[in-house]
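Below is one structure, written out as structure tokens; the observations come after it.
The values are calculated or read from the model by the stated rules, or taken from the named source; none is laboratory data. Quick caveat: nothing in here was measured; it's all calculated off a predicted structure. Neighbour counts are summed over all protein chains in view; Cβ atoms, including those assigned to glycine, are modelled from backbone coordinates with ideal geometry.
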Amino acid sequence: MARILSLEGDEHQHAQLQLPWYVNGTLEVEERAAVQAHLGRCARCQADAAWQFRLRAEAGEDRASREATPRDDFERDWVALLEQLDPPRMAAAPGRGFRARWPGSWSRWLAIAATAQAVVIAALALALWVSPSRPADAYRALGQPSPIVAANALVVFHADATEAQIRRALRACDARIVGGPTTTDAYLLAVPDLGPRTLAKLRSEPAVLRIESLEGEAAR
Amino acid sequence: MQGDHADRSSRALPSRLGPPVSRPADAPEVTLVGRVALGDARAFEALYRLYHPRLSRFIGLMSSRHPVVEEALNDTMMVVWKRADSFNGQCKVSTWIFAIAYRTALKALRRHEAPADEPIGEEAASADAGPEQHRSDGETREALVSALGRLSAEQRSVLVLAFFHDLPYAEIARIVDCPVDTVKTRVLHGRRRLRALLSGVLGDWL
């Protein structure tokens, strides 16, 4: 059991106890001045301080080494944590919350929800189109009326993606956003010629965190 | 847990969070914790992202065994998620989270590891004592981490917080829930033992 030492009296003992925080630079001004004054008179504390400065330097090297840890460690730990928490609530996290391992049950749920949403959107659009009460002069389109387009892909953008990046990703494949955002911040896309090459192209875009085909092709 | 979400989201920010002690630099994290208390998953992810490197480092120095580190890290953030409403703003968010990490790390160590070696006398050489050798930086670091592992968990934790995380003694005292004098004494004895453990491996650093 460590012996608790009194701080009163003994200047040397006091400095010995304060040295670590003199070394890490967190002592108050007066405390630092007191230690510094003692160091000027005590060779033993000077040696001790030098050793602790070296210890702290090695600690700094250790930090630099650990900071070089690949991001995958964070992703792996985050997904492991998510699986222990309440999945439906954690699904409200932005796209970055869905990392390399997308639990199969979530993927199926998301695909089903997105498909259902796309069907509803298409049905509503169809209902509007065939409505007999459309006034002829209330609105005049500048161009050809767009055909109803069903969503065939589900995309999640990076939380910090810029509008320019998103626009670029969509233009690269002539894709259009036709629905969303969903409760999980996903968007429904209509992508012409949605094949493996187009999916790969979209995945390579900086704005895209994850994309899934609703036509049955597995996502990443 | 299933019912938590509705309960949390219907609550206003808990009044006991109150105005924190004036620490403008801590305001963003206090806001995050407040949102986590309301069940905001995005805020929780942001907090996790913010603290993962530091907690990994601290807990990784408390134990060299990966399963222990992983368990303690997860347990720490689980407590943050479940008990965010208990944060009362009377200390920094980092102090609160590190205090949780300290307790969960100790628990994980007790569950998984044998007790640390009994303290050796300061005059005793380490088991690796031998002639002075020139060592690479990586080997020096390994020797340091290995020597830390031979201290008691209590000594190891305060040394890590002081030298690896550069925390003031008052904050360390709050994290380990001990008086400041105890922290200073633990660091004193811990660093003397560390120096003894390293003397035969590294020679004299001076």
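With a cut-off of at least 1 residues that are at pLDDT below 85 and β-branched (Val, Ile, Thr), name the helices (runs of 4 or more DSSP H) lying wholly within the stretch A:25-85.
On the way: elements: A:29-39, A:43-67, A:72-84.
Answer list for the stretch A:25-85: A:72-84.
Among the residues of the stretch B:50-101, which ones are charged (D, E, K, R) and under 21 Å from A:Arg66 (Cβ atoms)?
Of all residues in the stretch B:50-101, those charged (D, E, K, R) come to B:54, B:57, B:65, B:70-71, B:75, B:82-83, B:85, B:92.
Matches in the stretch B:50-101: B:Arg54, B:Arg57, B:Arg65, B:Glu70, B:Glu71, B:Asp75.
Table: residues versus (1) in contact with a Lys or Arg (Cβ under 8 Å, 6 or more places away or on another chain); (2) at pLDDT 55 or above; (3) closer than 28 Å to B:Asp40 by Cβ.
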position: A:Arg108; (1), (2), (3): no, no, yes
position: A:Thr115; (1), (2), (3): no, yes, no
position: A:Val119; (1), (2), (3): no, yes, no
position: A:Pro132; (1), (2), (3): no, no, no
position: A:Asp137; (1), (2), (3): no, no, no
position: A:Ile148; (1), (2), (3): no, no, no
position: A:Ala190; (1), (2), (3): yes, yes, no
position: A:Val208; (1), (2), (3): no, yes, yes
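For the stretch B:168-195, enumerate the residues that are touching a Ser or Thr at 6+ places or on another chain (Cβ under 7 Å) and either at the interface with chain A (Cβ under 7 Å from one of its Cβ atoms) or modelled with pLDDT under 95 (or both). Talk me through it step by step, then tell me what you get.
Within the stretch B:168-195, the subset touching a Ser or Thr at 6+ places or on another chain (Cβ under 7 Å) is B:168, B:171, B:174-176.
Listed by number, the list holds a single entry, B:Pro168.
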